[in-house]
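Engineer: Please find one structure pasted underneath; my questions will follow.
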Amino acid sequence: MKWSKYFIPTQKQAPKEAETISHKLLIRAGLIDKLSAGVYTYLPLGLKVLRKIENIIREEMNKAGAIELLMPALQPSSLWKESERLDKMGKDMIRFIDRHGREMIFGPTHEEVITDIIRRYIKSWKQLPIILYQIQTKFRDEIRPRFAIIRAREFLMKDAYSFDLDEKGLDKSYNLMKETYIKIFKRCGLNFTIREAESGVIGGKFSEEFVAEGECSELEVGHIFKLGLEYSKSMKAYFLDKDNQEKPIYMGCYGIGVSRIVAAIIEGNYDKNGIIWPFSISPFLVDIIPINMTDSGIVNISEKVYNQLKSNNISVIIDDREESAGVKFKDADLCGFPIQIIVGKKIKDKKLEVKKRKDGEIVEIAIDKVLDYINSLVELESVRI
RNA sequence: CGGGGCGUAGCGCAGUCCGGUUGAGCGCGCUUGGUUUGGGACCAAGAGGUCCUCGGUUCAAAUCCGAGCGCCCCGACCA
């Protein structure tokens, strides 16, 4: 990607409304833009980060045997009457009356919808167990949205639901999801703790939450629940067992705040100059910085390295703007790209500099050895995780 | 929803107390030309505003009064 052709609106100063570090950096690095309280656009760089996280989640969920589907955000409120949650969720739900006079809601979560699907399609013990999940936008009219995307009214969530024959099966699914979550958060570069939690409106007997470390008090980034028979009984989701008995399905549900992870990662990975993305999450792995765009030698080498990395499937952006070196350095640090390749005076010795964002270490590398060096850094990082 | 703060150019702010040479300004950013190019360069010339909105007071309102809207923070609340 060429920086000059891309859209990265960085800012020197954060708006005064931003107080937490992730909020400030998300805006300064041009990742998000506020439309209304708790309602944000993901700008191109922010979207890339979101997609990286989504894909990590997908990979790990799929490995665990979970199956992706996509449910609608719009739901008839009648389903919520069945589960007796319409009043419990209360004003957190965004509701409206459609032109036919039916009350609809924007889904804050999807236990009702998934249970409705399961009760209509799952009839036999032979079809169980099964875990279904989706990555989808949720709507909650929060009492107080805050810290930008940490508590938003519209946010991206991965929600999974397990369906088992009995309690033992539920325990197994639950533990499988717990292990999967640990893998996901580790791959996202998050330090976190797991603790027993209140089940709240979601219900069930037992739940644990994953809390990311950081200065910001919120984050909770994941929450897993043993729902048991709560929904299957109220919504009549039964299966026919081997002994020809009709039995309720044991359920569990498992949420990850995908967009909240973005903020959580920043809260745990930054310095005074900006974001420090983990390799696995960064919108671009490498930022090539030609020190002077009027120096044809520098420009040529920069483009050569850019094309080389690109053709080797390394995610790379080249800062080809006609800006001073200082501006490019500052933006590179602010946006948090893990590796900066600085193309400057040293090209006369056929060398350039590779700087690691995390520790600031700069290594001079021969131009024709850059690809190998970048690959070795990636290798080291993957071993570390 | 209770408490607190804020609303003036894209961002950060001054001006508001004490209404009138402040024909609404500053820094950054933006445009054009030139000089620059190793940590947010310099010179010159420019563009950009319903001073949140509506109403009131007044000869005169960014400034005073009233209502409303929006945003942020604390609390309660919350997958």
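The values are calculated or read from the model by the stated rules, or taken from the named source; none is laboratory data. Since we're looking at a predicted model, the values are computed, not measured. Neighbour counts run over all protein chains shown; Cβ positions are idealised from the backbone, glycine included. SASA here: full protein model, heavy atoms, side chains in, ligands and nucleic acids out. Shrake-Rupley method; radii C 1.70, N 1.55, O 1.52, S 1.80 Å.
Engineer: Keeping every protein chain in place, order A:LYS178, A:LYS24, A:LYS369, A:LYS348 by accessible area at 1.4 Å, biggest value first, i.e. largest first.
Structural biologist: Details: A:LYS178 50, A:LYS24 75, A:LYS369 110, A:LYS348 160 Å².
Accessible-area ranking of A:LYS178, A:LYS24, A:LYS369, A:LYS348, largest first: A:LYS348, A:LYS369, A:LYS24, A:LYS178.
Engineer: Another question, then. How high is the FRET efficiency between A:VAL378 and A:LYS272 when r is their beta carbon distance and R₀ equals 41 Å, given to the nearest 0.05?
Structural biologist: Working: r = 26 Å, r/R0 = 0.64.
Result of the calculation: an efficiency of 0.95.
Engineer: Tell me, what is the per residue accessible area of chain A in Å², probe radius 1.4 Å? Don't skip to the answer; put the middle values down first.
Structural biologist: Details: 18350 Å² over 385 residues.
In whole numbers, chain A has 48 Å² accessible per residue.
Engineer: Given a cut-off of under 8 Å on Cα pairs at least six residues apart, what relative contact order in percent is computed for chain A? Present the calculation step by step, with values, prior to reporting the outcome.
Structural biologist: Values: 766 pairs, mean separation 60.4, N = 385.
For chain A, the relative contact order is 16 percent.
Engineer: Then there's this: With a 10 Å radius around each residue's Cβ, average the other Cβ atoms per peptide and rank A:263-274, A:233-244, highest first. Mind dumping the intermediate values first?
Structural biologist: On the way: A:263-274: 21.2, A:233-244: 14.2.
Per-residue Cβ counts within 10 Å, averaged per peptide and sorted highest first, yield A:263-274, A:233-244.
Engineer: Just to verify a number: FRET efficiency for A:LYS356 and A:ASP33, C-beta to C-beta distance, R0 = 41 Å, to 0.05? Working shown, then result.
Structural biologist: Working: r = 29 Å, r/R0 = 0.72.
E between A:LYS356 and A:ASP33, to the nearest 0.05, is 0.90.
Engineer: I would also like to ask the following. Take the Cβ-Cβ distance between A:LEU69 and A:ILE94 as r, set R0 to 22 Å, and report the resulting FRET efficiency rounded to the nearest 0.05. Working shown, then result.
Structural biologist: Details: r = 23 Å, r/R0 = 1.03.
My answer for the efficiency is 0.45.
Engineer: Treating only the Cβ atoms of Lys and Arg (+1) and Asp and Glu (-1) as charged, compute the dipole magnitude of chain A about its Cα centre; round to the nearest 20 debye. Display every interim value, and only then the final one.
Structural biologist: On the way: 61 positive and 57 negative charges, 120 e Å.
About 580 debye.
Engineer: Charges on Cβ only, +1 for Lys and Arg, -1 for Asp and Glu, centred on the Cα centroid of the stretch A:3-268; of A:ILE56, A:THR115, A:ILE202, which one is farthest towards the dipole's positive end?
Structural biologist: Most positive-ward Cα: A:ILE56.
Engineer: Here's another thing I want to ask about it. Using only the Cα atoms, work out Rg/Rh for chain A, with Rh taken as the Kirkwood radius, to two decimals. Show your work: numbers first, answer last.
Structural biologist: On the way: Rg = 24.1 Å, Rh = 22.8 Å.
Reported Rg/Rh (Cα atoms, Kirkwood Rh): 1.05.
Engineer: Just want to confirm a number: the relative contact order over the stretch A:284-384, from Cα pairs under 8 angstrom separated by 6+ residues, in percent.
Structural biologist: Values: 149 pairs, mean separation 27.8, N = 101.
Relative contact order comes out at 27 percent.
Engineer: While we're here: Treat the stretch A:284-384 as a sphere of radius equal to its Kirkwood radius over Cα pairs and apply Stokes-Einstein at 25 °C in a medium of 0.890 mPa s; give the translational diffusion coefficient in µm²/s, rounded to a whole number. Before the final figure, lay out the partial values.
Structural biologist: On the way: Rh = 13.4 Å.
My calculation gives 183 µm²/s for D.
Engineer: Using heavy-atom solvent-accessible surface (probe 1.4 Å) with all chains present, what is the largest-first order of A:THR180, A:THR137?
Structural biologist: Working: A:THR180 5, A:THR137 45 Å².
Heavy-atom accessible area, descending, gives A:THR137, A:THR180.
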